[in-house]
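The values are calculated or read from the model by the stated rules, or taken from the named source; none is laboratory data. Given the structure is predicted, the values throughout are model-derived calculations rather than measurements. Here the Cβ positions follow ideal geometry from the backbone for every residue, glycine too, while neighbour counts run over all protein chains shown.
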Amino acid sequence: MKGFQTIALLLLSNIFMTLAWYGHLKLKQEYKWFEALGIGAVVFISWMIALPEYCFQVPANRLGFQGNGGPFSLVQLKVIQEVITLIVFVIFSLVAFKGEAIKLNHLLAFGLLVVAVYLVFK
């Protein structure tokens with residue numbers, strides 16, 4: 001159960017992270033008032049979106065880490081987090097940025113990540 005909870009928390013964390021890191025790019029395209037904001041305001045807004053990311057990420061790592069009774073090693077946690085990040089990012093980019101396309105090299109790279117996950121858990 002700790003493994004499932006860890007992955008769920010990492011998923012939530014990465015949704016907020018992706019919105020904080022890339023959401024401002026979409027907002028700039030959609031809203032004139034957002035385009036007029038300075039970088040300091042954009043960073044502040046991103047920080048406010050990223051705060052929930054940390055509220056999910058830190059508990060996920062504590063819960064999932066073997067040293068705390070969880071099922072995952074440190075390396076496994078990191079690889080899981082990176083794969084979740086890429087999945088969330090691909091979905092976000094396809095939904096929010098319809099002009100972005102997934103190409104063959106992207107799919108091949110994603111396949112290599114799946115192999116990396118297999119090797120980390122082997």
*Quick one: which of Leu11, Leu19, Leu37 is surrounded by 14 or more Cβ atoms within 10 Å (Cβ to Cβ), under 16 Å from Thr85 (Cβ atoms) and either modelled with pLDDT of 95 or more or over 13 Å from the mean Cα position of the chain (by Cα) (or both)?*
Leu11
_Residues satisfying the stated conditions in the stretch 88-105, i.e. free of Cβ contacts under 8 Å to residues at least 40 places away in the same chain and within 21 Å of Gly23 (Cα to Cα)_ = Val90, Ile91, Leu94, Val95, Lys98, Gly99, Glu100, Ala101, Ile102
*Considering the stretch 102-122 alone, what residues qualify as being within 19 Å of the chain's Cα centre (by Cα) and within 28 Å of Lys28 (Cα to Cα)?*
Ile102, His106
*asked:* Which of the numbered conditions does Gln81 fail, given that it passes all the others? Conditions: (1) modelled with pLDDT under 95; (2) crowded, with 16+ Cβ neighbours inside 10 Å; (3) farther than 24 Å from Val115 by Cβ; (4) not aromatic (Phe, Trp, Tyr).
replied: (3)
*Restricting attention to the stretch 104-118, does a residue exist that is modelled with pLDDT under 95, in a loop (DSSP other than H, G, I, E, B) and surrounded by 12 or more Cβ atoms within 10 Å (Cβ to Cβ)?*
no
*asked:* Among the numbered criteria (1) surrounded by fewer than 19 Cβ atoms within 10 Å (Cβ to Cβ); (2) farther than 22 Å from Ala20 by Cα; (3) under 18 Å from the mean Cα position of the chain (by Cα), which one does Ser73 miss?
replied: (3)
*Hey, Ala101 hits all of (1) assigned to a loop (DSSP other than H, G, I, E, B); (2) surrounded by 13 or more Cβ atoms within 10 Å (Cβ to Cβ); (3) aliphatic (A, V, I, L, M) but one; which does it fall short on?*
(2)
*Among the helices (runs of 4 or more DSSP H) contained in the stretch 1-81, which hold 2 or more residues that are of a type in the set (A, V, I, L, M, F, W, C) and touching a residue at least 12 places away in the same chain (Cβ under 8 Å)?*
2-30, 39-64
*May I ask you to say which residue of Phe89, Phe56 is modelled with pLDDT of 90 or more and either on the phi < 0 side of the Ramachandran plot or loosely packed, with under 14 Cβ neighbours inside 10 Å (or both)?*
Phe56
